[in-house]
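Working notes, beginning with the structure itself.
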Amino acid sequence: MNRKKEVLILGFALFSMFFGAGNLLFPPSVGVAVGENWFQAGLGFFLTGIGLPLLGILAFTKVGSLDEFANKVSNKFNILYSTILILVIGPLFAIPRTGSTTFEMGVLPLFPNFNPLFIAIATSVIFFGLTLFLVLNESSITDILGKFLTPIILTILILITVLGITNDLGTPVKSVIQGNQFSYGFISGYQTMDALASVLFGVIIIRGLEGKGITNSKDQKFFLSNAGFIAAIGLGFIYLSLIYLGAQISSLKGLSTAQTTLTLAQLTLGHIGKVAFGVCVAAACLTTSVGLVALASEWFSKLINISYKRLAVIICLFSAVLSVAGLDHIISLSVPVLVVLYPVTIVLILLNIFGVKNHLSFKFVVITTLAISIAEICGLNLSFIPFAKEGFAWVIPALVVFILSTLIKSDVTVKESI
């Protein structure tokens, strides 16, 4: 086996798995919001958009399956956590977001003089009708589209970046975000949902390595860490470039999330380039939608007594309705859920990576993190906790609880449910 070649292939595979419309939508909006503070915010976004997803995949060299990821808290919690995870990256937010992105970036620019609501409804019906058809017929068209679309979009992104840097798009203005710019970028990175998806991607990657005969944990770490470095270079280029370019047009106000990215495309490539970019992104959304609908349908068909096909129909209908609400509305609805779910996912990833065996540590750290995150969303005053003002009130309490539970040195499995 040519190890270098395998690492390169796995690196490209990791990149393509994480690369989606969300990776293009949110970085420019962060740049517009933070303006001249784009680098600080970019570092924060880099950590949640790249660092956490790669750690999430590495965590699976320790656990091996989704069934074991949060099982040390309790079996019931693991099922609940996994279900919420799939709902968030599925029919509640990520799937409807693909439809809204398709409308705002791929369809609306083509029909600027038509009734937006009518176009949104028509787009949603056609988009999710096609999604359902591909899911039920298991067509390979999504794989074909993905193989061709990723290089095309990357080429367009490189052109946008080069032309944006070499041309004077504007001057970054003062940030409209009050408080710590790094934490703003960090929390904004939640919207990519890549760290949540990495929990599921980890299963796929590990199984793929095992299928090639790579079963040793040390070898798996070698391939994943090196491939992760390759994927990180690609994603890092996209994130930092788009955040920087967004900062250059930060004087433009009132742009929606999709409009920000399209504005960059138009300023650098012209109207035709903007339309071509939007259509490519819309097609990429279709491949993402098909994969997520299939994933959610398979999970819930095992969990409840409803067939895979019927669940696919239900999910597509639900997502079609929600997508008409608009991209920014879906994003605003997802914020409180992600602010609660991400810290819990972070501590689970870290506990698994470091091979913590103490069940008490898992249970108490997760409960503490969850309780503080919920309290923060509910508007309770947590300013007495270090880093609360930066949005990280859960960090110190979770660390303290971990240390205390470790000192107990209990190996007793905690079985009671939360």
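In table form, for the structure just shown:
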| item | result |
| --- | --- |
| Diffusion constant of region 35-105 at 20 °C, which comes from Stokes-Einstein with the Kirkwood Cα-pair radius and 1.002 mPa s, µm²/s | 145 |
| With every protein chain in place, region 1-64: carbon and sulfur % of accessible area (1.4 Å) | 66 |
| Region 215-327: translational diffusion in µm²/s, Stokes-Einstein, Kirkwood Rh over Cα pairs, 37 °C, 0.692 mPa s | 183 |
| Hz values of 3J(HN,Hα) by residue in region 125-134 - Karplus curve (6.51, -1.76, 1.60), Gly and Pro given as x | 5, 5, 4, 7, x, 5, 4, 4, 4, 5 |
| For Ser183, net neighbour charge (Lys/Arg +1, Asp/Glu -1) across residues whose Cβ lies under 13 Å away | -1 |
| Hydrodynamic radius (Kirkwood) for region 37-176, which is based on Cα pairs only, to one decimal in Å | 19.6 |
| Separation of alpha-carbon centers, region 1-24 and region 288-362, rounded to whole Å | 23 |
| Distant-in-sequence amide H partners of Ser175 (H built 1.01 Å from N, under 5 Å) | Glu36, Asn37 |
| Relative packing of 169-178, 367-376, which averages over residues the other C-beta atoms within 10 Å, highest first | 367-376, 169-178 |
| Among 392-400, 216-224, 92-100, 344-352, the order from most to least packed when residues are scored by Cβ within 10 Å on average | 92-100, 344-352, 392-400, 216-224 |
| Region 71-163 - percent relative contact order, Cα under 8 Å, separation 6 or more | 17 |
| Karplus 3J(HN,Hα) series, Hz, for region 293-305 with 6.51 cos²θ - 1.76 cosθ + 1.60 (x for Gly, Pro) | 5, 4, 4, 5, 5, 5, 4, 6, 5, 7, 7, 10, 7 |
| For Ile230, net neighbour charge (Lys/Arg +1, Asp/Glu -1) across residues whose Cβ lies under 14 Å away | +2 |
| Calculated on alpha-carbon atoms, Rg and Dmax of region 209-264 in Å | 18.8, 54 |
| Karplus (6.51, -1.76, 1.60) ³J(HN,Hα), θ = phi - 60°, over region 20-37, in Hz, Gly and Pro reported as x | x, 4, x, 5, 9, 6, 8, x, x, 5, 5, x, 4, 6, 9, x, 5, 9 |
| Calculated FRET value between Leu382 and Lys5, using beta carbons and R₀ = 41 Å, to 0.05 | 0.25 |
| For the chain, alpha-carbon Rg and Dmax in angstrom | 21.3, 67 |
| Residue-averaged 222 nm ellipticity for the chain, from DSSP H runs of 4+ at -39500 (n - 2.57), nearest 500 | -24500 deg cm²/dmol |
| Solvent-accessible heavy-atom area per residue, rounded to whole Å², over the chain at 1.4 Å | 45 |
| Flagged links, alpha-carbon separation over 22 Å, of Lys4/Lys218; Lys4/Lys212; Lys212/Lys309; Lys253/Lys389; Lys62/Lys218 | Lys212/Lys309; Lys253/Lys389 |
| Spin-label model distance (nm) - Val176 vs Lys309, 7 Å beyond Cα toward Cβ | 4.9 |
| Chymotrypsin sites (Phe, Trp or Tyr not before Pro) lying in DSSP loop within region 280-360, provided at most 16 other Cβ fall within 10 Å | Phe354 |
| Where N is the number of residues in region 150-282, Cα Rg divided by 2.2 N^0.38 Å | 1.30 |
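The values are calculated or read from the model by the stated rules, or taken from the named source; none is laboratory data. Keep in mind that this is a model prediction, so the values were computed, not measured. As a convention, Cβ positions derive from the backbone with ideal geometry for all residues, glycine included, and neighbour counts pool all protein chains shown. Accessible surface is based on the protein model in full, side chains and every heavy atom, while ligands, DNA and RNA are left aside. Shrake-Rupley method; radii C 1.70, N 1.55, O 1.52, S 1.80 Å.
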